[in-house]
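Notes for the one structure printed next.
The values are calculated or read from the model by the stated rules, or taken from the named source; none is laboratory data. Note that the coordinates shown come from a computational prediction; the quantities given were computed from them, not determined experimentally. Backbone-built Cβ (ideal geometry, glycine too); neighbour counts: all protein chains shown.
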Amino acid sequence: MQCPDDAVLQDFVDERSKEHVNVLLRMHLRQCAACRELVSMLSPAVDSPRPFEGTSRHWGHPGDVLGGRYRLQRRIGEGAMGVVWAADDERPSAAGAAGVALKLLRLPDSVSLRRFARECRILTALEHPNIVRVYDVAEPAEGGYAYVVMELLDGETLEDLLVRRGTLSLAEALELGRAVLAALGYAHRAGVIHRDLKPHNVFVHRDAAGEAVHKVIDFGLAKPTADWNARASTLTRTGTVVGTPRYMAPEQLFDDPAADHRVDLWALGIVLYRALSGGFPHEGRTLGEIVRAFAERRSVPLSTRAPELPSDVTAFVGSLLGREPDDRPRTAALALAGLEAVLARHGASFAKRAVGS
């Protein structure tokens, strides 16, 4: 039996398949590791957060004041679990700013509340020029609202930039890599793994001088490294995979308890691969096809997709994409040193160009 498509496996997970199909699928799953992993990923997680289905009035109005100090101005983003407002801090501290971004969230249960409290401890401890700054948090009573007050950024996500332009110049991509590796190195030394690095979670911010600054955002899936192994065993039991499959390292995609901070280096490798070539190393239009490409070790080298790139650049990106964690740089700092060596070899030919132009 050939590997079934995602819809067939989803029907199997949801118990909608006919009995004779179930028999065939069970036989196939005993022999196919890739499809077993896909079934695990398609299975509902017992601790998945429930989207809040409130109406827009639940999410505030311009002029509303939260916490006695944050006056909402305009919505700048929204998702299943909440909205993001541009707001004015009417009592800015020395560490904060008058103009802030306020992420308003609905947390439905005590598990979500505990997760929120943990993540806030992570976020407020991180202070680096390439990581979005978190100034304040408010933890609600169970079933209530929470909010996170952050640095207000001006610009666009790397995802938006890539959708608009397709690829980055070589200079832009390497500057992106340098900034993100600096951020990851700092976070990893602080004991934090991002786990969901992707273009959506890198913001190209314009500072007061108009210079582009890359900021890693949304550490919502971040975990202290000491918690990683405990979480990994929970993931295996629940069938949850944490992250975005296109950017997930093999050990993360397949729930390997040994996964560590090097999943972030893999994700950056995928980001750079896409930024330089416009594509991905593992081809597939569906989640199942991507999983199978991993399982069958099928990938397209960056040098094939973008043969015009210098060989040391494609080798550097390839080093981040080692199939096994031990095939990648041991730390983000070592990866950054490798990137700096590439930049030094090419000198002025990699002169920085404004990102987003």
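Please verify whether residue 50 is at pLDDT below 70 and not assigned by TED's automatic domain parsing to the domain that holds residue 293, treating the condition exactly as stated. Explain how you work it out, then say what you get.
Details: at pLDDT below 70: yes; not assigned by TED's automatic domain parsing to the domain that holds residue 293: yes.
Spelling it out, residue 50 is indeed at pLDDT below 70 and not assigned by TED's automatic domain parsing to the domain that holds residue 293.
What number of residues within the stretch 283-317 are assigned to a loop (DSSP other than H, G, I, E, B), under 22 Å from residue 169 (Cα atoms) and without any contact (Cβ under 8 Å) to a residue 24 or more places away in the chain?
4
Quick check, is residue 213 modelled with pLDDT of 90 or more, within 26 Å of residue 346 (Cβ to Cβ) and touching an Asp or Glu at 6+ places or on another chain (Cβ under 6 Å)?
yes
Out of the residues in the stretch 244-257 that are within 25 Å of residue 284 (Cβ to Cβ) and surrounded by fewer than 19 Cβ atoms within 10 Å (Cβ to Cβ), state the one that is modelled with the highest pLDDT.
Going through the qualifying residues, I end up with 246.
For the stretch 103-122, does any single residue satisfy the condition of being modelled with pLDDT of 85 or more, in contact with a strand residue (DSSP E or B) (Cβ under 6 Å, 6 or more places away or on another chain) and under 14 Å from residue 150 (Cα atoms)?
yes
Any idea how many residues of the stretch 163-182 are of a type outside the set (Val, Ile, Thr) and within 15 Å of residue 212 (Cα to Cα)?
Selection size over the stretch 163-182: 11.
I'd like the full set of residues that are among the aliphatic types (A, V, I, L, M), more than 20 Å from residue 246 (Cβ to Cβ) and either assigned to a helix (DSSP H, G or I) or in contact with a Cys (Cβ under 9 Å, 6 or more places away or on another chain) (or both), limited to the stretch 184-214.
Passing the criteria: only 187.
For the stretch 245-260, give me each residue that is among the charged types (D, E, K, R) and under 13 Å from residue 290 (Cβ atoms).
Hit for the stretch 245-260 is 246, nothing else.
Scan the stretch 263-270 and tell me whether some residue there is buried (at least 24 other Cβ atoms within 10 Å of the Cβ), modelled with pLDDT under 95 and either in the same structural domain as residue 161 (by TED's automatic domain parsing) or within 27 Å of residue 204 (Cα to Cα) (or both).
no
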